[in-house]
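> This is the structure I have questions about; it appears just below.
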Amino acid sequence: MSGDHASSTISAQVRHVEALLESRGLLGAGEIDTRIDAFLAGGTPVNGARIAARAWTDPGFAGRLSVDANTAIRELGLSMAGGLQEQRLKVVANGPDEHGVDQHHVVVCTLCSCYPIALLGPSPSWYKSEAYRSRVVRDPRGVLREFGLELPAATSLTVWDASAESRYLVVPRRPDGTGGLTEEELAGLVTRNGLIGTAAV
């Protein structure tokens, strides 16, 4: 599940259109790059790690997160807007549900590569690959096994499909033996793959 699938032909076409828009005065020189940089400036997996650590340490926040994640993340000074229209964020948590059944969640975008970029920054290249997008919905356990994550047979596995309107974030299961760690130390344990559901913490 690795590799860069960017097309140099498409990149050249995008650069050509950008040059035409600039030459006709519809865009300032470098304006698209400036806007993209501004959009990506606040996005980093550290934001997702902070969300997970707060959910682990504050049950009230975890509850608010499950009901309205867009509003809850503002408590941490975070937003899904990224300078553009705000997308809906749904946060799902790994671990036992109210009936004690162990739950594991994994995120994909089967149509393209929708991802909470404004919050987490650019997605990993494998997330955009056709191999991941097509296989994780058909054989999620097999795909997770390739990432080194072997789930018990009794674990219920849900695949969430992102869209243009909605994005997903996984709160990984809190590791055992971390009761004495601070929220900041807990956040340091969380990886980007854990926030997608392809890794445990």
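The values are calculated or read from the model by the stated rules, or taken from the named source; none is laboratory data. Here the structure is a predicted model, which means the values were calculated and not measured. Positions of Cβ are generated from backbone atoms using ideal geometry, with glycine treated the same way; all protein chains shown enter the neighbour counts.
> Look at region 131-146 and say how many of its residues are among the acidic types (Asp, Glu) and without any contact (Cβ under 8 Å) to a residue 24 or more places away in the chain.
Of the residues in that region, 1 qualify.
> Give me a count of the residues in region 46-94 that are out of contact with any Asp or Glu (no Cβ under 6 Å at 6 or more places or on another chain) and over 21 Å from Ser123 (Cα atoms).
Number satisfying all stated conditions: 20.
> Determine which single condition His105 fails, assuming it passes every other condition in (1) part of a strand (DSSP E or B); (2) modelled with pLDDT under 95.
(2)
> Does at least one position in region 130-138 carry a residue that is at pLDDT below 95 and within 15 Å of the chain's Cα centre (by Cα)?
Checked region 130-138: no residue is at pLDDT below 95 and within 15 Å of the chain's Cα centre (by Cα).
> Those residues that are surrounded by fewer than 20 Cβ atoms within 10 Å (Cβ to Cβ), within 18 Å of Gly194 (Cβ to Cβ) and not small (Gly, Ala, Ser), I need them from region 79-114; list them, please.
Those that are surrounded by fewer than 20 Cβ atoms within 10 Å (Cβ to Cβ), within 18 Å of Gly194 (Cβ to Cβ) and not small (Gly, Ala, Ser): Lys90, Val92, Pro96, Asp102, Gln103.
> Filter region 165-201 for residues that are buried (at least 18 other Cβ atoms within 10 Å of the Cβ) and farther than 24 Å from Arg133 by Cα; which is nearest to the chain's Cα centre (by Cα)?
So the residue we want is Ala187.
> May I pose another question? Within region 147-164, identify whether any single residue is crowded, with 17+ Cβ neighbours inside 10 Å, in contact with a Leu (Cβ under 7 Å, 6 or more places away or on another chain), under 16 Å from Ser113 (Cβ atoms) and in contact (Cβ under 8 Å) with a residue 60 or more places away in the chain, and answer yes or no.
No, because not a single residue in region 147-164 is crowded, with 17+ Cβ neighbours inside 10 Å, in contact with a Leu (Cβ under 7 Å, 6 or more places away or on another chain), under 16 Å from Ser113 (Cβ atoms) and in contact (Cβ under 8 Å) with a residue 60 or more places away in the chain.
> What helices (runs of 4 or more DSSP H), lying completely within region 116-196, carry at least 2 residues that are touching a strand residue (DSSP E or B) at 6+ places or on another chain (Cβ under 8 Å)?
By residue number, 117-120, 130-138, 140-146, 192-196.
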